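The values are calculated or read from the model by the stated rules, or taken from the named source; none is laboratory data. Note that this is a predicted model, so its numbers are computed, not measured. Note that each Cβ is placed from the backbone with ideal geometry, even for glycine, and that neighbours are counted across all protein chains shown. The accessibility values were calculated without ligands, DNA or RNA, using every heavy atom of the protein model including side chains. Shrake-Rupley method; radii C 1.70, N 1.55, O 1.52, S 1.80 Å.
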Amino acid sequence: MGSDIPFGFGNLGGDLPDPNDPRVQQMMQQLQQMMAQSLSSGPVNWQLAKQLAESELKAENVVGPAEQAQVAEAVRLADLWLDSAVNWPSGVTATDAWTRKQWISRTEDSWKQLAEPLAAQMGEAMQTLVPEEMAGMLGPMADLMKGVGSALFGAQMGQALAKLAGEVLSSTEVGLPLGKTGVAALLPGNLAAYAEGLELPVEEVRLYVALREAATHRLFTHAPWLRSHLLGALEAYAREIRIDESAIEEAMSGMDPMDPEAAATLDLSEVFKTEDTDQQKAALSRLGTTLALIAGWVNVVVADAVGERLPTMDRLMESARRRRATGGPAEQTFEALVGLELDPAKVRAATRLWQSLTEARGVEGREAVWAHPDLMPSAADLEHPEGFASVSEALEELDMSMFDQLAVNDPKDEDDEEPGDDK
């Protein structure tokens, strides 16, 4: 075969490999084993991801009863304070304290929702690399490229999860709840290290993080469309993924396909189409705007709930801003998944927008905007955040109850949106 056949098949000699050649037979056996492992794992080899992630984490003490009690008390107090700042009841039904490894295992289902639509599309794209003449010889092994993609994505997810596990402070810090519904969870080990770096009492840092955790749970509980809205944007982006065949051949030409750790060093951003389509740009804009609005709302309600009760509040909020600006867990997550760079300026604009809306319409009027995605501010509104409050005053004349059932049954975003639509 010619030099355009990937993974070195063209170096075996002849137009097609000789199936009686012992080298070919050995290679095919290895490929069968690899394919059987990878295909059984779905679009992402999560077993590989967890193994790699856990192997990179430092040893950590088990969370004891005392730390569990500290987390439970911090969340209880946070919810009590939030009652004065939010028009909705608590969204927390249980509390938990996790080690880094527990964070990985207990958020796995959410990572599957976030990553598998992207990985599945990548696998479909990679399958096109198997030449027609080779596909005929491989027979049932024609799905090999899906298995390769599963291993590659699993290896890279493992690296990303290990890095995040070493930094994340709660179950919602990436921008949405990752654990079970209603479970507010903090990571005491990471909290202690974070407080030490800030030179602040760990009790006050724990309470501040608990406030943000409890606030995020309230929001997602009382805006039930929000999670599917975020996932829909990721799926809309995934549908447009295309592969650069020459890039993957070059990237994998020197890689041993039997070495899972080698897959972690492959830069998938060089393999897949780097220029986003109009549909992908619209999906990223919608995703970035929604994440900024979530973070901005949490900023406002937490500040209102605390008032003058937390002496170190200004330092804690400034540290959170710096954390976002230098690439916190949320920024790392969505940059790794879809190359989205979350703009700290958007979060600041969203914070001003919710502050202005609270002043103009009160807490109840502010929360009414979350009844349905069609009522939400757009990316254009974030460019003029103070103006949204005056424009949205007309909403007070509407019967907002008409959106209640729509919000509950709101489907994921479909492909019927025009490029540039940020909602």
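A few comments on the model shown:
- The listed residue being closer than 24 Å to PRO329 by Cα, open to solvent by less than 30 Å² (accessible area, probe 1.4 Å) and modelled with pLDDT of 95 or more, out of ALA85, ALA74: ALA74
- Residue match in the range 158-165 (condition: free of Cβ contacts under 8 Å to residues at least 12 places away in the same chain, surrounded by fewer than 24 Cβ atoms within 10 Å (Cβ to Cβ) and not aliphatic (A, V, I, L, M)): no
- Single match in LEU382, LEU357, LEU342 (criterion: in a loop (DSSP other than H, G, I, E, B) and among the aliphatic types (A, V, I, L, M)): LEU342
- Checked against (1) closer than 19 Å to ALA223 by Cβ; (2) in a helix (DSSP H, G or I); (3) modelled with pLDDT of 60 or more; (4) open to solvent by less than 30 Å² (accessible area, probe 1.4 Å), PRO377 passes all but condition (2).
- The one condition in (1) in a helix (DSSP H, G or I); (2) modelled with pLDDT of 95 or more; (3) of a type in the set (S, T, N, Q); (4) surrounded by 24 or more Cβ atoms within 10 Å (Cβ to Cβ) that ASN190 fails to fulfil: (4)
- Cβ-Cβ distances below 9 Å connect the following pairs, each with a first residue in the range 83-95 that is among the charged types (D, E, K, R), a second residue that is surrounded by 13 or more Cβ atoms within 10 Å (Cβ to Cβ), and a separation of six or more residues or different chains: ASP83/SER90; ASP83/ALA305.
Quick grid of which residues meet (1) open to solvent by 30 Å² or more (accessible area, probe 1.4 Å); (2) modelled with pLDDT of 90 or more; (3) at negative phi:
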{"position": "ARG352", "(1), (2), (3)": "yes, yes, yes"}
{"position": "ALA360", "(1), (2), (3)": "yes, yes, yes"}
{"position": "ALA394", "(1), (2), (3)": "yes, no, yes"}
{"position": "GLU397", "(1), (2), (3)": "yes, no, yes"}
{"position": "SER401", "(1), (2), (3)": "yes, no, yes"}
{"position": "ASP410", "(1), (2), (3)": "yes, no, yes"}
{"position": "ASP413", "(1), (2), (3)": "no, no, yes"}
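- Every pair of residues 6+ apart whose Cβ atoms lie under 8 Å, when the first sits in the range 182-201 and is more than 18 Å from ALA215 (Cα to Cα) and touching a residue at least 40 places away in the same chain (Cβ under 8 Å) while the second is part of a helix (DSSP H, G or I) and open to solvent by less than 30 Å² (accessible area, probe 1.4 Å): PRO188/VAL71; LEU198/VAL205; LEU198/LEU316; LEU198/SER319; LEU200/LEU316; PRO201/ALA195
- Only one entry of VAL306, VAL338 meets the criterion of being closer than 22 Å to TRP88 by Cβ and of a type in the set (A, V, I, L, M), and that entry is VAL306.
- Here LEU287 clears all of (1) modelled with pLDDT of 75 or more; (2) surrounded by fewer than 19 Cβ atoms within 10 Å (Cβ to Cβ); (3) among the aliphatic types (A, V, I, L, M) except the condition numbered (2).
- Residue match in the range 171-186 (condition: assigned to a helix (DSSP H, G or I) and open to solvent by less than 40 Å² (accessible area, probe 1.4 Å)): no
- Condition broken by GLN29, with the remaining ones in (1) at pLDDT below 60; (2) in a helix (DSSP H, G or I) satisfied: (1)
- Looking only at the range 289-322, residues that are of a type in the set (A, V, I, L, M, F, W, C) and in a loop (DSSP other than H, G, I, E, B) come to 1 in all.
- Residue match in the range 318-327 (condition: of a type outside the set (Asp, Glu), surrounded by 22 or more Cβ atoms within 10 Å (Cβ to Cβ) and either more than 20 Å from the chain's Cα centre (by Cα) or under 26 Å from GLN113 (Cα atoms) (or both)): no
- The lone exception for ARG366 - which of (1) within 24 Å of the chain's Cα centre (by Cα); (2) open to solvent by less than 10 Å² (accessible area, probe 1.4 Å); (3) of a type in the set (D, E, K, R) it fails: (1)
- Single unsatisfied condition, ARG206 versus (1) over 29 Å from PRO385 (Cβ atoms); (2) buried (at least 20 other Cβ atoms within 10 Å of the Cβ); (3) modelled with pLDDT under 95; (4) not aliphatic (A, V, I, L, M): (3)
- The residues of the range 207-241 that are assigned to a helix (DSSP H, G or I) and more than 21 Å from LYS180 (Cβ to Cβ), listed by number, are LEU207, TYR208, GLY232, ALA233, GLU235, ALA236, TYR237, ALA238.
- Filter result for ALA264 (under 30 Å from GLN280 (Cα atoms), open to solvent by less than 30 Å² (accessible area, probe 1.4 Å) and modelled with pLDDT under 95): yes
- When the range 56-71 is filtered for residues that are in a helix (DSSP H, G or I), open to solvent by 70 Å² or more (accessible area, probe 1.4 Å) and either free of Cβ contacts under 8 Å to residues at least 60 places away in the same chain or not polar (S, T, N, Q) (or both), the ones remaining, listed by number, are GLU56, PRO65.
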